[in-house]
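The values are calculated or read from the model by the stated rules, or taken from the named source; none is laboratory data. A quick note: this is a predicted structure, and the numbers were derived from the prediction, not measured. Neighbour counts are summed over all protein chains in view; Cβ atoms, including those assigned to glycine, are modelled from backbone coordinates with ideal geometry. All accessible areas refer to the heavy atoms of the entire protein, side chains included, with ligands and DNA or RNA removed. Shrake-Rupley method; radii C 1.70, N 1.55, O 1.52, S 1.80 Å.
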Amino acid sequence: MNDMTPTREQRTAALEGLGCKRKRVEDIRFTQGKGNYVDDLKLPGMLHGDFVRSPHPHARVKSINSEEALKVPGVLAVITAETLKTVNLAWMPTLAGDVQMVLADGKVLYQNQEVAFVVATDRYAADDGVAKVVVEYEPLPVIIDPFKAMAPDAPVLREDLAGKTAGAHGPRKHYNHIFEWTVGDKELTDAAFKKADVTIKEMISYHRTHPSPLETCQCVCSFDKIKGELTIWGTFQAPHVIRTVVSLIAKLPEQKIHVISPDIGGGFGNKVGAYPGYICAAVASIVTGKPVKWVEDRIENLTATSFARDYHMTTEIAATKEGRVTGLRVHVLADHGAFDACADPSKWPAGFFNIVTGSYDFPVAHLTVDGVYSNKAPGGVAYRCSFRVTEAAYCIERAMDILAQKLGVDPAELRLKNFVKPEQFPYHSALGWEYDSGDYHTAMRKMMESTNYAALRKEQAEKRAAFKRGETREIMGLGVSFFTEIVGAGPSKNCDILGIAMFDSCEIRMHPTGAGIARMGTKSQGQGHETTWAQIIATEIGIPADNIQVEEGNTDTAPYGLGTYGSRSTPVAGAAIAMAARKIKAKAQMIAAYKLEVHEDDLEWDIDGFRVKGLPEKFMSMKDICWAAYNSVPPGMEPGLEAVSYYDPPNMTYPFGAYLCVMDIDVDTGVYKIRRFYALDDCGTRINPMIIEGQVHGGLTEAFAIAMGQEIRYDEAGNVVTGSFMDFFMPTAVETPHWETDFTVTPSPHHPIGAKGVGESPNVGGVPAFSNAVNDAFSFLGSTHIQMPHDYWRNWKAAKQLGAVA
Ligand code: CDP
């Protein structure tokens with residue numbers, strides 16, 4: 001070896017593979033304003049569409065008059081449900097097995113529902129046209145409170161379902177009922193409650209909120225009449241699914257549909273489903289023969305596209321007097337709005353809510369979920385969450401604190417006492433999941449040591465005494481949260497969307513010079529896939545990450561995949577990437593053996609190439625193997641070096657974490673200060689620690705927003721009162737607390753590189769940490785549970801109700 005020969009460390013570092021804090025390659029274009037978003041697309045002759053929307057939350061549509069609108073210069077067409085009926089597209093199927101109006105058909109069911117689509121030569125003309133469409137409405141009574149949806153005299157919302165006693169998920173109990181979903185053992189659970197020394201019961205609500213990505217939902221549809229082909233550029237988290245859905249509902253051959261997701265400015269679940277805007281833009285393009293662009297504004301996004309949560313969870317825990325949990329019973333009332341358009345895998349009407357036993361070893365549990373219709377926007381998407389997991393984590397984490405309060409024990413100690421133990425993995429939960437791996441005690445103790453938890457409790461006791469003596473008006477809360485996530489939808493035996501199994505895919509094509517391109521069925525919306533996917537390949541095949549170009553989002557070139565949401569990308573596509581790379585490596589080994597004139601078994605892998613065992617100087621780098629793949633492969637072998645993998649995971653992955661929020665609340669104003677927030681995450685093998693930290697920061701910021709004020713609120717008349725960023729809390733750097741991050745590593749035993757997802761974890765664990773901090777602070781004044789969101793006003797109100805403010 002001469003001085004110039006790189007060391008093993010240098011060779012490893014040059015790859016920028018697993019574990020490297022590789023800088024995000026996509027940021028080169030994003031930080032220079034060179035991203036390419038849907039609204040950047042300008043096609044010759046492109047038209048623009050805009051919606052007439054209903055001001056009423058529930059009304060009969062008596063007439064729609066487009067005469068004056070069509071006189072506006074530039075307005076070319078006004079599309080209504082009647083127009084869509086001519087192509088059989090007035091209604092569309094939802095991912096949850098329901099149907100949804102594309103444009104109001106006889107009535108409207110929520111405020112800002114789409115009523116007509118005005119097509120014009122520019123956006124301004126379309127807006128002017130919208131103002132001139134005259135719609136005559138006859139208002140009807142509204143249902144906003146889901147607890148009133150199934151009252152005997154409740155107004156009938158879905159007249160189209162008249163007489164249907166069963167829906168996609170079984171029998172319906174009432175005309176505004178969607179489904180009942182039951183899991184677990186009722187008898188055993190009831191018996192556990194009968195025997196219990198201690199029980200708690202609380203109705204824990206997770207209010208309605210919205211993913212509100214900075215880039216709203218949008219598309220450009222361009223129909224080529226000559227070729228009979230439809231190209232759609234759109235903000236799609238799952239472009240292949242959109243292609244299939246468009247093919248099925250528009251009856252166009254799937255090969256004639258090209259779906260392209262360019263750069264996407266955040267998704268958080270909002271961009272999974274199909275919206276009326278996509279259908280109307282496609283129909284308008286087919287009718288006019290011109291490309292048609294539809295871009296939502298902020299109010300439209302917040303009030304009419306998929307919301308998140310609106311779960312009302314009556315939660316009971318049975319326990320021994322020593323604090324050992326013996327049973328869990330939960331009933332959820334789920335408000336799905338006007339149409340059941342939840343974006344969950346088809347068989348799961350309440351997503352993975354049955355992870356509600358959380359990190360605790362409940363011997364028995366029973367869960368029922370009732371879904372109901374209301375006069376609110378449809379949706380129910382996994383806003384930075386894996387299909388209702390954040391609701392489940394909030395439910396159990398609040399309930400464990402309530403139990404700790406009742407038992408008079410420390411909430412962290414109660415959790416430690418009830419955790420699933422390391423030796424119990426793979427762990428079978430009472431509600432049917434198999435947790436792959438975990439070490440909860442280590443994570444919790446690390447959190448407690450790193451934050452000096454015991455000292456914080458001491459300080460809290462002193463502050464409480466000072467408050468009682470009248471020396472301070474501040475109360476201090478410690479919000480403990482320990483969550484178990486379930487991500488990586490999913491094994492095809494459990495999960496499909498409209499019958500398509502939820503696998504994912506990767507195709508890698510290596511070029512002669514030792515560079516390559518890799519394409520996946522996923523689609524980044526800011527998660528940094530271009531950076532991290534190349535890192536997996538770098539470590540697997542010894543080619544520097546910089547030499548691997550990652551491409552996602554074009555259905556013509558990417559292999560079929562189910563897209564990116566619910567932290568499924570790393571568990572599913574990440575595995576497909578490793579498996580495709582291993583196929584490349586296996587062929588590379590045959591080529592290397594031929595070139596080095598040895599048997600394959602005589603070769604060993606050494607960072608970036610193959611070496612002959614016992615003869616260290618006989619080495620062939622992967623770069624050289626790539627060249628050989630194109631000029632001198634063994635006789636009988638096909639030239640070239642490429643591979644595809646479609647990966648159907650054997651199980652989900654179960655990341656977990658221990659969070660602590662330290663908060664002070666001024667009882668006279670309700671103003672809170674988040675003094676400290678510590679987040680320990682375990683997502684198994686870490687691909688890029690810097691990106692993980694970024695994911696955690698982002699997820700915690702959204703959790704902070706949701707817990708402390710972000711809400712889609714309706715007044716009693718059905719008006720959305722938080723429909724713009726003036727009212728909908730969107731934290732900036734000014735409000736956002738400082739985040740301390742930490743980690744442990746418990747690899748997934750079934751994932752090829754041991755990785756679990758991470759993107760959703762901070763939201764799942766963060767919301768209960770904030771809410772528990774507020775509730776912990778107020779518990780000292782005698783309260784058991786205060787509903788989220790905990791904005792200043794509500795904090796003040798709570799203090800007043802508890803007698804702390806005159
Ligand atoms: O599906 P989505 O991309 O939203 O979530 P994810 O699989 O949790 O990945 C989010 C980002 O974090 C991706 O860039 C991953 O590669 C990265 N990540 C990582 O570096 N290590 C992990 N163990 C998990 C995710």
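Can you pull the percent of the stretch 599-679's accessible area that's carbon plus sulfur, 1.4 Å probe, other chains left in place? In the stretch 599-679, the share of accessible area belonging to carbon and sulfur is 53 percent.
Couplings for the stretch 412-427, taken from phi via the Karplus curve 6.51 cos²θ - 1.76 cosθ + 1.60 with θ = phi - 60°, read 5, 5, 4, 5, 4, 5, 10, 4, 4, 8, x, 6, 7, 7, x, 9 Hz in order; Gly and Pro are left as x.
Per the helix-only calculation at 222 nm, which mean residue ellipticity applies to the chain, given -39500 (n - 2.57) for every DSSP H run of n ≥ 4 and division by its residues, nearest 500 deg cm²/dmol? Please report the intermediate quantities before stating the final value.
Values: 19 runs with 221 residues, N = 806.
Calculated at 222 nm, the ellipticity per residue is -8500 deg cm²/dmol.
Can you give me the accessible area per residue for the stretch 298-447, using a 1.4 Å probe, in Å²? Mind dumping the intermediate values first?
On the way: 3240 Å² over 150 residues.
Result: 22 Å² of accessible area for each residue.
Per the Kirkwood formula on distinct C-alpha pairs, the Rh of the stretch 400-559 is how many angstrom? So the Kirkwood estimate lands at 20.8 Å.
When nucleic acids and ligands are ignored and a 1.4 Å probe is applied, C385 ends up with an accessible area of around 0 Å².
The accessible area of L214, taken with all protein chains in place and a 1.4 Å probe, comes to roughly 130 Å². Site-free segments of the chain were taken between GluC sites (Glu not before Pro) in DSSP loops having at most 14 other Cβ atoms within 10 Å, sites themselves excluded; the longest one is 1-321.
For the stretch 687-764, the Cβ-based charge dipole about the Cα centre amounts to some 320 debye (Lys, Arg positive; Asp, Glu negative; other atoms uncharged). Extent of the stretch 1-155 along its three principal axes (Cα atoms, max minus min coordinate, largest first): 87, 50, 27 Å.
If we count every other residue with Cβ under 15 angstrom of D624's Cβ, Lys/Arg +1 and Asp/Glu -1, where does the sum land?
Details: positive: R11, K585, K587, K595, R611, K618, K623; negative: E597, D606, D608, E617.
Residues close to D624 contribute a combined charge of +3.
Placing T320, T722, T86 in order of accessible area, with the largest value first and a 1.4 Å probe, yields T86, T320, T722.
Need the full-extension length gain, D190 to D39, defined as separation in residues times 0.36 nm minus the C-alpha distance. One decimal, nm. Kindly include the intermediate steps, with their values, before the conclusion.
Values: separation 151, 0.36 × 151 = 54.36 nm, distance 5.56 nm.
Value of the extension gain: 48.8 nm.
The charge dipole of the stretch 554-643, taken about its Cα centre with unit charges on the Cβ atoms of Lys, Arg (+1), Asp and Glu (-1) only, comes to about 260 debye. When nucleic acids and ligands are ignored and a 1.4 Å probe is applied, V292 ends up with an accessible area of around 0 Å².
Spin-label model, E229/T86: points 7 Å from Cα along the beta carbon direction are separated by 2.7 nm. Each residue, V198 and V671, gets one label point 7 Å from its Cα in the Cβ direction; the gap between the two is 3.7 nm.
When only DSSP loop residues count, what trypsin sites (Lys or Arg not before Pro) in the stretch 257-336 have their Cβ near at most 10 other Cβ atoms within 10 Å? Please report the intermediate quantities before stating the final value.
On the way: sites: K271, K293, R298, R309, K321, R324, R329; in loops: K271, K321, R324.
Filter output for the stretch 257-336: K321.
The calculated FRET efficiency for E434 paired with F725, based on their beta-carbon distance and R0 = 41 Å, is about 0.45. Once the Cβ-Cβ distance of F147 and R457 is raised to the sixth power relative to R0 = 35 Å, the FRET efficiency obtained is 0.40.
Projected over every direction and averaged, the convex hull enclosing the alpha-carbon atoms of the stretch 431-495 yields 7.2 nm². Using the 1.4 Å probe convention, the accessible area of the stretch 42-149 works out to 43 Å² per residue with neighbouring protein chains retained. Accessible area per residue (1.4 Å probe, heavy atoms of protein chains only) ranks D344, D128, D666 as D128, D666, D344, with the largest value leading.
Extension gain, F619 to E600: 0.36 nm times the residue separation minus the Cα-Cα distance gives 5.6 nm.
Please give the FRET efficiency for R29 paired with A733, using the beta carbon to beta carbon distance and R0 = 22 Å, rounded to the nearest 0.05.
Details: r = 23 Å, r/R0 = 1.04.
Computed FRET efficiency for R29 and A733 comes out at 0.45.
With all pairs of different C-alpha atoms in the average, the Kirkwood value for the hydrodynamic radius of the chain is 28.0 Å. Working from label points 7 Å from Cα in the Cα-to-Cβ sense, the M4 to A717 distance is 8.1 nm.
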